[in-house]
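As structure tokens, the structure follows; a few thoughts come after it.
The values are calculated or read from the model by the stated rules, or taken from the named source; none is laboratory data. This is a predicted model, so every value here is computed, not measured. All Cβ positions, even for glycine, are placed from backbone atoms using ideal geometry, and neighbour counts span all protein chains on display. SASA here: full protein model, heavy atoms, side chains in, ligands and nucleic acids out. Shrake-Rupley method; radii C 1.70, N 1.55, O 1.52, S 1.80 Å.
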Amino acid sequence: GVQTCALPICICNCLDYIEKKVGLPTIIVANASLREGVGVPFGGITHASFSRLFDVDIAGHVLLLRNCLTRLTGQPASVVFLSSIYGRAGVDHRIYPPGMTPAPVQYSAVKAAAEGATRWLAAAWGERGVRVNALVAGGVASPQRQSSEFVKRYSEKTMLRRMALADEVASAAAFLASDEASYITGHCLVVDGGLTAW
């Protein structure tokens, strides 16, 4: 099964299935993310939980892209990595109310890695017409998961004084993936309501 096989085998099996059902994708949004262990306090992080996030969030994406683009045999494609403001700015622990665990160190590290991978892959694949960009997202409003106090504190840090709506982040990703962004590659587009622009 998928949970017990080696990562590259899982990727090949996934691509075999997709190719058979609908053909290979020429637009890929690298957004899979392991949520397990993300709410663990710093003192409880283990080597396994730290490295497993990198296995899924970076190794999984890069190996999937490599395998997919090898099969596309020269066809142009567009890739969008999903990064986060926490990959380029420190986590402000003061905005998290008691009982709410801040984004962990491995999350910040893996999101920074996504931006590095974006630039590296864009340089490697540009000549063959593959664009690789990243969307650097700020906090997205999720009332069922966030306390009103957290939303208030976070919103005060942004220039627009609110959290993003999911559609606002999705629209930016769709733009980067589309032909409207045909001359944009190696770029990390920040969509954070101005939080990191202060």
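Observations on the structure shown:
- Pair list, Cβ under 8 Å, 6 or more apart: segment 119-137 residue open to solvent by 40 Å² or more (accessible area, probe 1.4 Å), other residue modelled with pLDDT under 95 and not in a helix (DSSP H, G or I): 128/74
- Qualifying residue in segment 148-157 (condition: open to solvent by less than 70 Å² (accessible area, probe 1.4 Å) and touching a strand residue (DSSP E or B) at 6+ places or on another chain (Cβ under 6 Å)): no
- Residues of segment 24-74 satisfying the condition of being closer than 17 Å to residue 111 by Cα and without any contact (Cβ under 8 Å) to a residue 40 or more places away in the chain: 32, 34, 35, 36, 51, 52, 56
- Qualifying residue in segment 107-114 (condition: among the basic types (Lys, Arg), surrounded by 16 or more Cβ atoms within 10 Å (Cβ to Cβ) and either farther than 27 Å from residue 18 by Cα or in contact (Cβ under 8 Å) with a residue 60 or more places away in the chain (or both)): no
- Matching entry among 70, 26, 118 (being within 17 Å of residue 132 (Cα to Cα), among the polar types (S, T, N, Q) and in contact with a Phe, Trp or Tyr (Cβ under 7 Å, 6 or more places away or on another chain)): 118
- Search result, residues across segment 71-80 that are open to solvent by 40 Å² or more (accessible area, probe 1.4 Å) and modelled with pLDDT of 90 or more: 71, 75, 76
- Summed over segment 153-170, residues that are in a helix (DSSP H, G or I), under 12 Å from residue 95 (Cα atoms) and not hydroxyl-bearing (Ser, Thr, Tyr) total 2.
- Test result for residue 83, touching a Lys or Arg at 6+ places or on another chain (Cβ under 8 Å) and open to solvent by less than 30 Å² (accessible area, probe 1.4 Å): yes
- The criterion of being out of contact with any Gly (no Cβ under 9 Å at 6 or more places or on another chain), part of a strand (DSSP E or B) and open to solvent by less than 60 Å² (accessible area, probe 1.4 Å) does not hold for residue 176.
- Condition check for residue 101: within 21 Å of residue 24 (Cβ to Cβ), among the hydroxyl-bearing types (Ser, Thr, Tyr) and surrounded by fewer than 19 Cβ atoms within 10 Å (Cβ to Cβ): no
- If you check 197, 166, 141 for being surrounded by 14 or more Cβ atoms within 10 Å (Cβ to Cβ) and not aromatic (Phe, Trp, Tyr), only one passes: 141.
- Flag if residue 149 is charged (D, E, K, R), part of a helix (DSSP H, G or I), at pLDDT 95 or above and within 29 Å of residue 99 (Cβ to Cβ): yes
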